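The values are calculated or read from the model by the stated rules, or taken from the named source; none is laboratory data. Bear in mind the structure is a predicted one, so any value in this text is a computation, not a measurement. Heads up, the Cβs are rebuilt from the backbone with ideal geometry, glycines too, and the neighbour counts pull from every protein chain shown. SASA here: full protein model, heavy atoms, side chains in, ligands and nucleic acids out. Shrake-Rupley method; radii C 1.70, N 1.55, O 1.52, S 1.80 Å.
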Amino acid sequence: KNSVFALMRKLLIESGQPGARVNKSDFEIELPNGSVFLFNGLDDPEKIKSIDGITDIVVEEATELTLDDFTQLNLRLRPMEPNPQIYMMFNPVSKANWVYSYFFQTKQPNTLIVNSTYKDNRFLTQDYRDTLESLSQTNPAYYRIYALGEFATLDKLVFPIIHKRLISPDEIRAFPQWIGLDFGYVNDPSAISWGRLDKQGRQLFITGEYSKKGMINPEIAEAIKSLGFAKEIIIADSAEEKSIEEIRRAGVPRIKPAVKGPDSIRWGIDTMSSFKIIVDERCIDTIEEFENYTWEKDKKTGEYINKPIDQFNHRLDAARYGIQSLVKKTGTRF
């Protein structure tokens, strides 16, 4: 009513299109050539079952849909034309959104991605352009999304402040090393993170990362050896004790399971957050996780809950396990 339908009415009036029939109650617009625009929401997917004869579908704010919503559209309303088109428009919000994983992480057949920014819109006023460009100083996340057309989260980050720069080996040589391992296989990568911990100065350095999908335990062991960590203490996810033992037998004798307990994820996050986190700028996958790891929202209230999303956390979980070797005390839960 107040978005796409109102915009189409406005454009028809401005264009002077004669003979267009607007049905405000049913949200329909019919043009003199017989073309009909139907406007519907997806608050109730059952509403779209009875619609037929569709030739094109335009989805506004596609990131507000769920993957199930899109699947329903694709199955139930897919145009039966020789060249069916589904147009999906959106601002690229968090990478945790299904649109990113479905269309950008996996190449979908017969799909064209068009990235446009305010620089492509010749109708914008200079005042609006100035407003968008000023966001680079006032709200970097908004600037990345609305000015640059990049994916950036507007949700509440688990680690809101991190420092990204080149870390010199000399500046951290005096601090003890930590190494962590998070297991994955098909959908998630096995991830190894490592760095140094300055306990006195309260600084957590993340200096390296390694991750790969589809690795079996002997391959993980070989990866650890190739990184030069075969004789080092490595703290791994305790949910995979059999994997830990297999890696130990494969020549990594000092690998140990993480100590877990009730609310262990939150306790580990709190421990990491108690340090100034400095990430080597070459750890691009770890930085991506920091920039997209957010707290969950209650779907009914829209309020954040005390639980992080189960995405963008593989290298961070490895770091969370790894620092146990240096900060764990009796009763500490990770």
Could you derive backbone 3J(HN,Hα) for the stretch 23-40 from the dihedral phi with the Karplus parameters 6.51, -1.76 and 1.60 (θ = phi - 60°), listing whole Hz in sequence and x where the residue is Gly or Pro? 9, 5, 6, 9, 6, 10, 10, 10, 9, x, 7, x, 5, 10, 9, 10, 10, 9
Note to self: Kirkwood Rh of the stretch 190-237, Cα pairs, one decimal, Å, is 12.1 Å
Under Stokes-Einstein, with the Kirkwood radius over Cα pairs standing in for Rh, what whole-number D in µm²/s applies to the stretch 152-192 at 25 °C and 0.890 mPa s? 174 µm²/s
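Given charges of +1 on the Cβ of Lys and Arg and -1 on the Cβ of Asp and Glu, with all other atoms neutral, how large is the dipole of the stretch 1-160 about its Cα centre, in debye to the nearest 20?
Working: 16 positive and 21 negative charges, 44 e Å.
That gives the stretch 1-160 a dipole magnitude of about 220 debye.
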Grab the other residues whose beta carbon is less than 13 angstrom from that of Glu171, score K and R as +1, D and E as -1, and report the net. 0
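Rounded to a whole number, what % of the accessible area of the chain do carbon and sulfur atoms account for, probe 1.4 Å?
It is 50 percent, rounded to a whole number.
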Can you compute 3J(HN,Hα) from phi for each residue in the stretch 229-239, using the Karplus curve 6.51 cos²θ - 1.76 cosθ + 1.60 with θ = phi - 60°, rounded to whole Hz and x for Gly and Pro? 10, 4, 9, 8, 6, 10, 9, 10, 4, 6, 5
Specify the angular offset, from 0 to 90 degrees and rounded to the nearest 10, of the alpha carbon long axis of helix 126-138 from the longest principal axis of the alpha carbons in the chain. 20 degrees
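Using packing as a proxy for protection, rank 285-293, 63-71 so that the peptide with the highest average count of other Cβ atoms within 10 Å comes first.
In descending order of packing, they fall as 285-293, 63-71.
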What is the gain in length, in nm to one decimal, between Ser134 and Lys256 on full extension, counting 0.36 nm per residue of separation less the C-alpha to C-alpha distance? 38.9 nm
If packing is taken as the mean number of other Cβ atoms within 10 Å per residue, what is the order of 317-325, 216-224, highest first? 317-325, 216-224
Applied in sequence order to the stretch 112-122, the curve 6.51 cos²θ - 1.76 cosθ + 1.60 (Karplus, θ = phi - 60°) yields integer Hz couplings, x standing for Gly and Pro, of 10, 9, 10, 9, 10, 10, 4, 5, 8, 9, 6
Taking the Cα atoms only, what angle lies between the long axis of helix 264-273 and the longest principal axis of the chain, rounded to 10 degrees? 80 degrees
Apply 1/(1 + (r/R0)^6) to the Cβ-Cβ distance of Tyr102 and Lys299, taking R0 = 22 Å, and write down the FRET efficiency to the nearest 0.05. 0.65
How many nm separate the modelled label positions at Glu222 and Glu64, each set 7 Å beyond the Cα in the direction of the Cβ? 5.1 nm
Scaled by the rule-of-thumb 2.2 N^0.38 Å, the alpha carbon Rg for the stretch 1-120 gives a ratio of 1.17
Just to confirm a number: summing +1 for Lys and Arg and -1 for Asp and Glu over residues other than Pro92 whose beta-carbon lies under 9 angstrom from that of Pro92, what do you get? +1
No solvent, one uniform scatterer per C-alpha: report log10 I(q)/I(0) for the chain via the Debye equation at q = 0.08, 0.09, 0.16 1/Å, two decimals. -0.54, -0.65, -1.38
Given a Förster distance of 25 Å, report the FRET efficiency between Asn2 and Asp310 from their Cβ-Cβ distance, rounded to the nearest 0.05. 0.10
If Lys and Arg each add +1 and Asp and Glu each add -1, what is the summed charge of the other residues whose beta carbon sits under 11 Å from the beta carbon of Ser274? +2
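Please list, by residue number, every one of the chymotrypsin sites (Phe, Trp or Tyr not before Pro) in the stretch 124-230 that is coil in DSSP and has at most 15 other beta-carbon atoms within 10 Å.
Hits after loop and neighbour filter: Tyr185.
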What does the accessible area per residue of the chain come to in Å², with a 1.4 Å probe and no ligands, DNA or RNA counted? 60 Å²
If packing is taken as the average number of other Cβ atoms within 10 Å across a peptide's residues, how do 94-107, 6-19 rank, most packed first? 94-107, 6-19
